[in-house]
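Next up is a structure, given as structure tokens.
Just so it is clear, none of the values below were taken in a lab; they were calculated from the coordinates. Keep in mind the model is a prediction, meaning the values are calculated, not measured. All Cβ positions, even for glycine, are placed from backbone atoms using ideal geometry, and neighbour counts span all protein chains on display.
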Ligand code: FDA
């Protein structure tokens, strides 16, 4: 039977990083994945250019039922540490919005750095390999694995679960990590697709679909959070950074407030009426908002075709109300099919924030997204994968 010091299940962001850093410490490491390629999500992330970290990352950018859990790991392996690594490999990268670092050319360049480091570290990577059973022993675990239809048994002292969340099942996402956690007595917080487009109710969906491709800067408010970023109309409802961000805080059935023109207030409209009385309201709005959006507004507030001089204060108030409570008629989300992350997961109250070892089963570790730690949109989730993977690697 083959023996390893460490076996890591899941060759995604956190697993690859943990494997490399544990092997650099001299541990004999095997990392396995049931997919035919390592790091598939890295390749599709950030529109193919992977937003691999955020220089501002701090615990406040993460949702977790145990809010202090992520502090230590984020401190021990920071965005600057990761930048130092990619600089050593001369990765070309760009800062798109402040703090958000993306590969300049392709996410392939970042994955190639991670795989080069993995090779240098001497860790063994096996793809097309699944775990059939885990047998906990006095010293670690015995695993029955299946690689390309050949079954074998392996032994390890430390077993690391890095199987990620449930988003994008077509890329190999499974609930395997949650099942393993439950088997040894862990609590798992209910999971939900997040950083995900919102779908509209059928009637409104048909209207909004007419605007598909139109983007505007909005303010989205839900669950005590506010995001002022762009929104994009889609064939199914709405998406774009503001919408993805708010889904970390909103869920179907709860209030969601969308202000499609946060700069336009009653005061500013009254002032415009004084300054440009002969201008029609819709012509004015067409300078402030996308034309197709103003056309939809004109079909719902027919008086917008009037000149400002003919418009009453009540009408301007109704316009502000329309803008600040824009009706996207949220129905639900597009779900795991297109979600970037999974909210919920393994309860971090039962996992050491220093070593990432389970408090229920000695020798078992959880890292990355399988844990109940979810970052905002903007490179935070990969930073969590690097930080948690690095932290666990020092102890496995
Ligand atoms: P990850 O999902 O990376 O890896 C899990 C691995 O486990 C996979 O390789 C999978 O095949 C394997 N696995 C699962 N079940 C298994 C089983 N039963 N047996 C064996 N192997 C198994 N974040 C960010 O910070 N910036 C960004 O730009 C983006 N963009 C982005 C776009 C899209 C479309 C998605 C879906 C996600 C993002 N993210 C992101 C989120 C980011 O990709 C995610 O948070 C990390 O990849 C999580 O890293 P993990 O290692 O935890 O899981």
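Using the Kirkwood radius over C-alpha pairs as Rh, can you work out the diffusion coefficient of segment 1-155 via Stokes-Einstein at 4 °C, viscosity 1.567 mPa s, in µm² per second?
After rounding, the answer is 76 µm²/s.
What list do you get for 84, 117, 317 if you sort them by fewest beta carbons within 10 Å?
Placing the least packed residue first, the sequence is 84, 317, 117.
Can you compute the helix-only [θ] at 222 nm over the chain? Use -39500 (n - 2.57) per DSSP H run of at least 4 residues, normalise by all residues, nearest 500 deg cm²/dmol.
That comes out to -9000 deg cm²/dmol.
Along Cα→Cβ, 7 Å out, is where each label goes; now give me the distance between the ones at residue 283 and residue 331 in nm to one decimal.
Those two pseudo-labels are separated by 3.9 nm.
Can you bin every Cα-Cα distance in segment 229-270 into 5 Å intervals starting at zero and give me the percent of pairs per bin, rounded to whole numbers?
Reading the bins upward from 0: 5, 17, 24, 24, 13, 10, 6, 1.
Next question, about the same structure. Two-decimal Rg/Rh of the chain from alpha-carbon positions, Kirkwood Rh?
Rounded to two decimals, Rg/Rh equals 1.08.
Further question on the same structure: Normalised by the number of residues in segment 198-333, what is the relative contact order in percent for Cα pairs under 8 Å and 6+ residues apart?
Computed over segment 198-333, the figure is 31 percent.
Just to confirm the number: angle between the C-alpha axis of helix 107-121 and the first principal axis of the chain, 0 to 90 degrees, nearest 10?
20
Could I ask something else about it? Find the Rg to Rh ratio for segment 320-394, where Rh is the Kirkwood radius over alpha-carbon pairs and Rg uses the same atoms.
Reported Rg/Rh, Kirkwood definition of Rh: 1.19.
I'd like the orientation of helix 79-88 relative to the chain: the angle between its Cα long axis and the longest Cα principal axis, in ° from 0 to 90, rounded to 10.
Orientation of helix 79-88: about 70 degrees from the principal axis.
Considering only the chain, what is the antiparallel percent among its DSSP beta bridges, to the nearest 5?
The antiparallel proportion sits near 75 percent.
Also, I was wondering about something else. Quick check: pseudo-label points 7 Å beyond the Cα along Cα→Cβ at residue 271 and residue 81, how many nm apart are they?
Output for this residue pair reads 4.9 nm.
Strictly greater than 22 Å: what percent of every Cα pair in segment 198-333 meets that?
Summing the P(r) tail past 22 Å for segment 198-333 gives 36 percent.
Hey, another quick one. So what is log10(I(q)/I(0)) for segment 1-80 at q = 0.12 1/Å, when the Debye sum runs over its Cα atoms only?
The Debye formula, applied to the Cα set alone, gives -0.48.
Taking the 0 to 90 degree range and rounding to the nearest ten, how far is the long axis of helix 13-24 tilted relative to the main principal axis of the chain, both from C-alpha atoms?
So the helix axis and the longest Cα principal axis differ by about 30 degrees.
I want to check the label-to-label distance for residue 300 and residue 120. Put each point 7 Å from Cα in the C-beta direction and report it in nm to one decimal.
5.5
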